Each structure stands twice: as structure tokens, then as C-alpha cells.
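Asks: Before I ask anything, here is the structure I am working with.
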Amino acid sequence: MLTAQRNAKRRGAHAAPVLTLLLASALASALAACNGGVSSGGQSGAGGPGPFSPGTGGGGGSDGVVQSCAVTPGIAPARRLTRAEYNATVRDLLGDTSRPAQAFPAEIGSTTFGNDARALDFSRLLMEQYFIAAQALAARATGDATQLAGLLGCDPVTVGEDACAATFVQGFGRRAYRRPLAVDETERLLGVYGAVRPASDFPTAIAAVLRTILQAPQFLYRVELGAPVPERPSLLKLDHFEVASRLSYLLWGSMPDEALLSVAAEQRLGTKAEVMAEATRMLADPKARELTAYFHELAFKTGGIRSLTKDAATFPSWAPGLGGLLAQETARFLDHAVWEGGGSLTELLTASYTFMNRDLATFYGIAGPTGDGFERVELGPARASGFMTQAGPLALLSSGTLTNPVRRGYFVRSDLLCDPPPPPPSTLMVVPPEPLPGQTTRESFAQHSQDSACAGCHQLLDPLGFAFESFDAVGLPRAMEQGKPIDTSGTLVNTDADGPFQNASELLQRVASTERARTCYVKHWYEFGYGRGVSPEDQCAVDTLAAEFERIGLQVPELILALTQIDPFLYKAVDP
Amino acid sequence: MNRVLDRRTLLRGAGGIAIGLPLLEAMVPLRRASAQATSTPRFIVYYSPGGTEMSTWRPSGTETSFSLGTSLSPLERLKQHLLVMNGLNLDVTSQGVGHPHAKGMGGLLTGEILPAGPYETCGGKSGFALGRSLDQFIGDKISADLKFKSLELAIRWPSVSLFNQTVHPGNTLIYSAPGQPVPPQLNPRAVFDRLFTSLDGGTDAERVRTQSILDAVKGEYSLLSSKLGATDRRTLEAHLEGVREMEKGLTQPGGAACAVPDLGPELDLPYAGGTSEGGDGFVDLSNDEPMPRTGKLMMDMLVHAMACDLTRVGTLQWADSSANNTFPWLGLQDTHHGYQHDRGYRADAISSIQTWYASQFAYFLDKLLEVQENGQPLLDSTLVFWVTELSRPESHDQHDMPLMLAGSANGRVRPGRWLNFQGRSHNDLLVAIQNVFGIDSNTFGRAEFCTGALPGLT
């Protein structure tokens, strides 16, 4: 179901603005001489707004997202396929699911998402891995007659080998380079075929062409040459095929499909409205759900849940393999909340349901699911508040057999609010206290609030972590510790919705209501989607998207679409 | 042209006897008579994390008549091959941005500081070190014409991901250029294949095919980069340079008569790789338990690679400054970092860990002693540099660093001594080492931390 339709069903009266946005954009682009979001006759003098003026239309606003500051496209460096993108791309290009990039060295980049285009490794080791992977992929793709026939798209026996090689280069090359090949590119690849064929056989020569393609810059990098923008000499506009790659890697983490390449060939990716239409189609593809799941795993740092091990002597309920089930619970919850539930960030943080199978239900002590399959389980708002009250994340944010309120509080402050306090001074020895007999964990951290040297930072963290003390080190609920009732009350400070909370659910509701949390979530998507850490030059784009996110009721699928509706998606700065 | 034998033609030595270990003299290849090949020394870096309990590390006695500290007892019988040093400081860490663990890692082999940057180190946000590491300079000098200029092998790396970053200043020791970390290899089977098989398959036909492919690939990078803006042009040119580096490995003779070692089925067992998830304190037993086996394989292969003249420079890195691994075979359940200070400093555990790393160092030296080359053990033409990024883990002190050298680099270093310096910068040791390998400069890394080559190595 199209996002717009689903939204219409869910939001009733709110359905109109989404459609209005699309219509207004279509009109605006028709009037703006097909130059997309560029406003002609813009004010470029001192003191005026930047090259892209705020929207001029009423109703749904101008092309794309309404901008109240100058969202200026910066230099967009060529992005190399990450390991995850390489694996997905060869899966879609060749049907190969062997995930060869697992052998590649890890990405260097500094963001959570490992796709910062400005931090790349060019070591010989990596080049050897590209070579080896290309060799193996080509061998598998040409090793058997059926495989080869599927790859070629022609029959060398019927049309002749050379003709079939040419057909292959054009057809497969277009998919691999994500655009039609230029004459010199075709010639170079046929040159490889011609050099290799005489001393070998047809499949080997085709494999050699394939090995060349898989190591070429047009495959490994998303190179964006762009075209000059007449009224804006400092900018370049991406061409339709370059936009197609942006869309497919943003929404699917992989290469464009045939439908998208056709739309690009028809030059129908030049305006924000056209981009929105295609993005909407793509969002409904299961690959978008997979990509979103991957995003959440990185943004919420839940990847380690599946390999969690806990001491069985201390936690008899912890069975081997539980980590895998807990990872599934959190992944299924996040996926359902975004795509089948209400779709909002609020739901991710405050929903009172989750997913369990029989083994998980046993672990949690909940009646209900009876098989291996996962079912939705209603837990009620007192017990559950989104993914952060699930055992997986909480067990991960613990230290072995003890909870770790500082780590849990730091996660909320840093990863949900994007407001991490500075680390402790390097001269300070940080030693988590062993709880004394009769002392609760909260009591054992008293020094953090009593000592003025600690309190400044720790008041930002500890109270948030204490809210989760009603969950033990494996994430199961507990009401008592050391014979005393657990105190989970506290105060949220340093946000735009400060105030008291009695427990984790109330804390998370408060967090979900903050503008900080909204902007933080948007920042994560921006860094992931644009492959760059947020720096001052990105702030306007992030603020613009955050305002849009609020306007659309914190709807995650719509936020993903909105990423394509700001000027940096279609334009980039000239880089002399 | 000489070829490295591929896996299918594993040689098993005279009379069909499998080459186990120790490596027998008969199996060391007879190289073409060349004074160069037999007298060129080797350089190896051996890293273990986090400093140690200095009271059980520090020797006692005099310069030429000393006993090692108790935590180094496995090395007592090999001390005539060691040059133990006290009194050197990591002065370079007095500047720059970042936690001492990270600044120590960054400065150890580069003699350079960490700048401000985007990587959270729990002591400031740093970038990668501003210098190229010593081993890379030495590799240019003595190993550039071999199949590999240098080899970087690591075990249990990264020991934890920090803030979701797998590669960061806290776990990077080797730099190919300022700011450019070199990824280590982790998978013993992949290391074996890379060393002892030929990337291009080894036959003439495959060689020719590979050349056609790589020529076309290089052509694409050249042509495309000329059409791009400055940033992207640099990117594609750097990539092209990487491809050319790879090609050198294809055309260098790689120990043609070298017997490919039989390392047994262990080569394909689960190995101690790294953890890309989890954060501080995340225990990963499946990666910790195979550490001893993985380390042995890596050390064996590094020795073979040197003996076969596949390279003359190598690094063996155990974990990293996060030291988030446990030692189940020693009965130590907490992480190394936990014993450093996370749950209170534990001198006894730290000493036990040091003793284990010393036993691994002893194994490594034994292997280098077993290989005979022109009537002398390989260790005699090698210089091994054992490094760590702190002295005292409980306080992150970086004065009086526990550093030592082993081997004599063909007589250019005189081991069997304990040297006591009075607070010299370790940059001066890096200067002295580069001089041993014929690099004549009297500075290394950041000049302000250099006063000249450290005396006393000879």
C-alpha cells in the first residue's frame, strides 16, 4: 500500500496535506521552467537569503520541504559502497548471496553508520579484497551454463560470441554502472574481452569483463558529475541516473531496479515532485523495510544483542541462544511500529506492546505465545514503553551481572537526545562501585550526586539510568533490590520538556515529547542518508527536516521521504 | 619468473615428511647468491595492551648482569637476546587531544600527536595520528622490492567497538601516511592464502588475464578522475595508487623455492577476530577463547614470511588499548581493562596477563631462533620491538615505559643488556631504530620531542 494511502486511512483529516504537498509541488515545478527547486531571480546580494529562497506557494508550500533557512548544498564527495551496500548490490546485480564484503577491512569513518565519504581506506589489502571478491563472483556467475545464460541476455551460439559479448557489455554494464555506458567505456570492456578470448574460452572472457566491471570506479563509487546550473554557477544539478542511485542507496541500500532506471532514462527524476513519486513507490518495497531495520540497528546500537552471553549461574533464566531471540524481538517491534503500527517515533519509544515467541515468553514469565513464531503481546503502559524497556537493549546496557545506570542514562542522553556530556577527566579512575550488602545500586552511586565535581555531568545521566533500575542486568522486571523497593523516580533536565518522572515509562514519554529527541532522530537519518557527520554547514538542513518531521506528526516513513525533498538531494556545490 | 606455489602443490619437504614446527634448516630456501638478501635485517613490532605492573616487570641487577622481573619469567632463559629498557617516556602524549590510551597508541610508532577530530576517546575527540609509522619507513628502505613491503597481523582486534566505530585512534598502531590507518589482517586462513598463494592464480595464462583486467581498471580510474572536482579526483587517485600497490605484489618474486608450511587443520578453525558491536565491557568469549591458537598461527606465519623473504617488516598486534578481551585459559573472567582499573586495579591479574604475553613473546623468539640462515639464527638478523601504550595502567602513566628490543639486526644492536635512561623521550628510541636500518635522520615524528638518537643500542 502506498504510504499516502496508508496515512490517509490512519490520519483521516490529516491526509489532505500530504496530497496537497504533491500537487502544489507539481504545479510549482511546471511554473518554474523545469528547474526543480531552484527559484529563479533569487536574491544573491548581501543580507538576502541564500540561493534557495523560502517557499513561495501557499497550501502545501513550495517544491519539497518548506525551508526557513538557506539549505545550501555543500560539496558532496563520491561515496564508495560500504560493505553492506556491496553485499546488497551484488545480490541484486548477480543474485549472489555469499556476502563477499564480510572479508573486507572495516570502514574507517567516524559516524555510527560507517559510511562517511570523507574517511576512506585505500590500503593494498582492501584492493586485494576487491580483486578476490570480483574473481569469485565472476567465477560463480559464469561457471555454469544456466547461470551464464541468465547473465548474458543473449545466446552466443545463435547470434555469435562477439555480438553477444557486446550485448552483454551494454546491458549488464548499464545495470552495474547504474546508467548507460559511454562509448569509451564500452570499448574498454570489449577490449578486455578481446584480449582474453583468444587464449581462453567464451565464459572465461565474459568473466574477465565482469571482474573489470566489479573493480571499476563506476561500480564501487557513486560518482556524481552533475551538470552546471545556469543561474547558479556555484552549483551542479545531479542528472537523472545520479538521482536514481541516490534514491536506491538511500531507500534500499542497494542499486536501482529496472523500473527506476527506466524512469531515469525517461528523464523523470528532475524535480522534487518526480523524486517524491518514485521514492514513494520504492518505500513500499520490502527492501526499504530491511534498510530501515539496518538503520535502527546502527542508530540504537542493538547489533550486539544477538551475541549477548550472561552468566547462567547468576541468571538461571538465561538460556543459550536467548540473545538471538531478544534481538528478533526488538527488530520485529521496531519494524512493526514503523510500517504497520502508528509509524511515529513516539511509538518506538512509548508503545506498550512487543513481540515474543514461546521461549521468550517463558523467559519473560508472560503467558501467551505457544509456538516458535513471534506474536504481538500487549504488556500495558506500566510494564512497557517502546524498545527501551525490552530485555535486549537493557541487558546490553548492563555490566555482566550488574545493571549499569550510567551506561543506560548515557544511552538516553547521547543516542536518543544527541546531547552527550563530556567524558570524565582522563586523570580520573572510573570504578563502578560494588554494591555493599543492603545497599541498592542507586544508593551505591550516591557520590555522583553528592560530590560537586561529579554532579555537574552525572545529574544529566544517572537519574535517567535509575529509571531503568526496575529492570535487572538481563532486562527482566524487578521491584526489590537488597530487600528494599527500587526507587525509579527522577527529573529530566537540560531539554525543552524538563520535569519529573516516576519510572521508565514516564521518562520515555517525556523524552519522546522533547524537540531534542525529534532533532536527534532526524540527525541520525541525515548522517545515514547523506553519508556525512553533521557539521555546522549541515545544521540548516537538519533543522529544516526536524521542523518537517514535527509537522508530519513524527512519522518515520514520511521522514525518510522528506530526506529527498531538500535541495542537497538534487544539487551539490561545484568543487574546483 | 618465479611464482609462489599455490595451495594445490603444497611441498612436504625431503622424503615427503610434512613440515611441522620447528622449521628445519633444510627447508629454508636457498636464495640466489646475494649478499643483500642474507645480510638485510628484519624489523618486527610486537604489541600487547595497557602497560603492566611495573614492580614485576622491572629487572634487577646491572646493565650486563641482570634478572628479569617475575612477570617476565618465561623470557629469563632468553635474556641474552633482549635489550630491556627503563626510563623512556612517551613525551609525545603530552600534547594533542585524546585519552592517554589513544594518544599512546597513536604516538608509539609515529612519534606524533593525535589532533582534535571526530573520534570519541573518552578523553576528548581525536583524529588519527599526524605521522607515518616507523615500520612503514623501514619497509620502504629494506622491503620495498619484496612481495609485501610489510605485514600487519592482529589477534582479537578490535577488542571492542567504541561508540560504534570499529577503526579509531585507540586501536590503530600502523599508519601508511599521516591520518591513514593500515587495516590489520585477522583471519589466519586469509593470511595464509595471501602469503603463500598468488592473487592471480599463478599460471601464465591467469597472469596475462589479470594484467588485461587491471590495465582496464586502472584506465577507468585515470580517465574518470580527470573529469572530477578536486576532492573526488584525490579519492580516485588514491584508489589507483592502491591498485598499483596491489600489482607490485603480483610481479614480485615471492619465495619461489619456499616451502609452503603445513599449519594443520587449525588454520581453518574459528579464530579470535574482533568485535564490532557491544561497547565497553561487552564480553565475547567466542572471540577470546581462540586467542592462543590464533596467535600461534600468526606468529608461525610471520616467521615463515620472513624466512621465505616474502617481507622483511611485520607487526603482530594483540588486541588494542581498549583491552576488552578476557583470558579464560588463565582463569581470568573479567576483561583486561577490568583488571587495569574498571573494577579496581588488580596487580596480580595484570602480572599474570603480562606473564602470558611474555610466554608468547618467548615462543616467537624461539621460532626466530630455530630458522637458520647462512649459519646463524634468523633472530640474529632481526630486530623485534615489544611495545605497549602505557606504563602503569591504573593511572594511565606514560613515563618509564616498559619497552624492550630483541635480536641484534646483524650485529647493529647488542642485546643481553638492561639500559636505564633518565627520562628520555621515546622518539629518540625511534630515531635510533631507524638509524639501525640505514635511515640516517636524527629526528623521527614530531621534532620537538627528539633530542637525537638514543645511545646505547650498540
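The values are calculated or read from the model by the stated rules, or taken from the named source; none is laboratory data. None of the values given here were measured: they were computed from a predicted structure. Quick reminder, even Gly has a Cβ in these numbers, built from the backbone with ideal geometry, and neighbours come from all protein chains shown.
Asks: B:Met291 versus (1) modelled with pLDDT under 95; (2) on the phi < 0 side of the Ramachandran plot; (3) out of contact with any Leu (no Cβ under 8 Å at 6 or more places or on another chain): which is the lone unmet condition?
Replies: Every listed condition holds for B:Met291 apart from (1).
Asks: Does any residue of the range B:98-117 turn out to be free of Cβ contacts under 8 Å to residues at least 12 places away in the same chain, under 21 Å from B:Ser161 (Cβ atoms) and surrounded by fewer than 24 Cβ atoms within 10 Å (Cβ to Cβ)?
Replies: No, the range B:98-117 has no match at all.
Asks: Can you tell which of B:Asp348, B:Asp320, B:Asp334, B:Asp366 is of a type in the set (D, E, K, R) and within 30 Å of B:Asp145 (Cβ to Cβ)?
Replies: That would be B:Asp366, the only listed residue that is of a type in the set (D, E, K, R) and within 30 Å of B:Asp145 (Cβ to Cβ).
Asks: Scan B:Ser55, B:Ser60, B:Ser67, B:Ser94 and give me the residue that is polar (S, T, N, Q), surrounded by fewer than 20 Cβ atoms within 10 Å (Cβ to Cβ) and within 14 Å of another protein chain (Cβ to nearest Cβ).
Replies: Criteria check complete, one pass: B:Ser94.
Asks: Still on this model: Which one of these does A:Ser399 not meet: (1) at pLDDT 90 or above; (2) within 10 Å of chain B (Cβ to nearest Cβ)?
Replies: Just one mismatch for A:Ser399, condition (1).
Asks: At least 1 residues that are touching a Lys or Arg at 6+ places or on another chain (Cβ under 8 Å) and closer than 20 Å to A:Ala504 by Cβ in each: list the helices (runs of 4 or more DSSP H) lying fully within the range A:349-424 that qualify. Walk me through it before giving the result.
Replies: Numbers: elements: A:358-364, A:391-396, A:405-411.
The helices (runs of 4 or more DSSP H) meeting that bar are A:391-396, A:405-411.
Asks: If you check A:Pro500, A:Pro477, A:Pro485, which single one turns out to be free of Cβ contacts under 8 Å to residues at least 60 places away in the same chain, in contact with a strand residue (DSSP E or B) (Cβ under 8 Å, 6 or more places away or on another chain) and of a type outside the set (Gly, Ala, Ser)?
Replies: The match here is A:Pro500.
Asks: Hey, could you check the range A:77-106 for residues that are under 24 Å from A:Phe569 (Cβ atoms) and acidic (Asp, Glu) and say which is nearest to the other protein chains (Cβ to nearest Cβ)?
Replies: Here the answer is A:Glu85.
Asks: Residues that are within 14 Å of chain A (Cβ to nearest Cβ) and more than 18 Å from the chain's Cα centre (by Cα): list the helices (runs of 4 or more DSSP H) wholly contained in the range B:275-394 that include at least 1 such residues.
Replies: B:285-288
Asks: Only one residue in A:Pro568, A:Pro536, A:Pro557 is under 29 Å from the mean Cα position of the chain (by Cα), within 14 Å of chain B (Cβ to nearest Cβ) and over 30 Å from A:Asp311 (Cβ atoms), so which one is that?
Replies: From the options A:Pro568, A:Pro536, A:Pro557, the qualifying one is A:Pro536.
Asks: Another question, then. Could you tell me how many of the residues in the range A:117-151 are at pLDDT 95 or above, within 14 Å of A:Leu220 (Cβ to Cβ) and more than 8 Å from every other protein chain (Cβ to nearest Cβ)?
Replies: So the answer is 5.
Asks: Identify, from the list A:Gly114, A:Gly74, A:Gly109, A:Gly50, the residue that is assigned to a loop (DSSP other than H, G, I, E, B), more than 14 Å from every other protein chain (Cβ to nearest Cβ) and modelled with pLDDT under 95.
Replies: A:Gly50
Asks: Looking only at the range A:191-219, count every residue that is more than 22 Å from A:Val263 (Cβ to Cβ) and surrounded by fewer than 20 Cβ atoms within 10 Å (Cβ to Cβ) and tell me the total.
Replies: 10
Asks: Here is a list: B:Ala230, B:Ala216. Which entry is farther than 30 Å from B:Asn287 by Cβ, within 8 Å of chain A (Cβ to nearest Cβ) and crowded, with 21+ Cβ neighbours inside 10 Å?
Replies: From the options B:Ala230, B:Ala216, the qualifying one is B:Ala216.
Asks: Related question: Out of all the residues in the range A:471-515, which are hydrophobic (A, V, I, L, M, F, W, C), part of a strand (DSSP E or B) and touching a Phe, Trp or Tyr at 6+ places or on another chain (Cβ under 7 Å)?
Replies: A:Leu492
Asks: Shifting gears a bit: Restricting to the range A:221-249, what's the tally of residues that are more than 8 Å from every other protein chain (Cβ to nearest Cβ), of a type in the set (A, V, I, L, M, F, W, C) and surrounded by fewer than 20 Cβ atoms within 10 Å (Cβ to Cβ)?
Replies: 2
Asks: Which of the residues that make up the range A:229-288 are of a type in the set (S, T, N, Q) and either in a helix (DSSP H, G or I) or closer than 21 Å to A:Arg175 by Cα (or both)?
Replies: A:Ser245, A:Ser248, A:Ser254, A:Ser262, A:Gln267, A:Thr280
Asks: Could you list all residues from the range B:173-213 that are at the interface with chain A (Cβ under 9 Å from one of its Cβ atoms) and among the β-branched types (Val, Ile, Thr)?
Replies: B:Val182, B:Val208, B:Thr210, B:Ile213
Asks: Just to be sure I understand, how many residues within the range A:504-532 are within 14 Å of A:Phe466 (Cα to Cα) and surrounded by fewer than 21 Cβ atoms within 10 Å (Cβ to Cβ)?
Replies: 1
Asks: Additional query: Starting from the range A:300-313, keep only residues that are in contact (Cβ under 8 Å) with a residue 40 or more places away in the chain and more than 8 Å from chain B (Cβ to nearest Cβ), then list their pairs with residues that are of a type in the set (A, V, I, L, M, F, W, C) and not in a loop (DSSP other than H, G, I, E, B) whose Cβ atoms are within a distance under 6 Å, requiring at least 6 positions of separation or different chains.
Replies: A:Ile305/A:Leu326; A:Ile305/A:Ala327; A:Ile305/A:Leu396; A:Leu308/A:Ala395
Asks: State the number of residues belonging to the range A:189-228 that are in a helix (DSSP H, G or I) and more than 36 Å from the chain's Cα centre (by Cα).
Replies: Here the count works out to 14.
Asks: What is the residue count in the range B:136-173 for residues that are of a type in the set (Val, Ile, Thr), in contact with a strand residue (DSSP E or B) (Cβ under 8 Å, 6 or more places away or on another chain) and buried (at least 24 other Cβ atoms within 10 Å of the Cβ)?
Replies: Residues meeting the conditions: 4.
Asks: Of everything in the range B:205-237, what is of a type outside the set (S, T, N, Q), touching a Leu at 6+ places or on another chain (Cβ under 8 Å) and over 21 Å from B:Asp145 (Cα atoms)? Give them in sequence order.
Replies: B:Ala216, B:Lys218, B:Tyr221, B:Leu224, B:Lys227, B:Leu228, B:Leu236
Asks: Please state which one of A:Gly465, A:Gly490 is buried (at least 21 other Cβ atoms within 10 Å of the Cβ) and closer than 30 Å to A:Ser307 by Cβ.
Replies: On the way: A:Gly490 fails: closer than 30 Å to A:Ser307 by Cβ.
One residue alone meets the criteria, A:Gly465.
Asks: Is there any pair with a first residue in the range A:543-558 that is surrounded by 20 or more Cβ atoms within 10 Å (Cβ to Cβ) and a second that is assigned to a helix (DSSP H, G or I) and among the small types (Gly, Ala, Ser) whose Cβ atoms are under 8 Å apart and which are 6 or more apart or on different chains, and what are they?
Replies: Close Cβ pairs satisfying both conditions: A:Leu545/A:Ala562; A:Glu548/A:Ala562; A:Phe549/A:Ala562; A:Ile552/A:Ala562.
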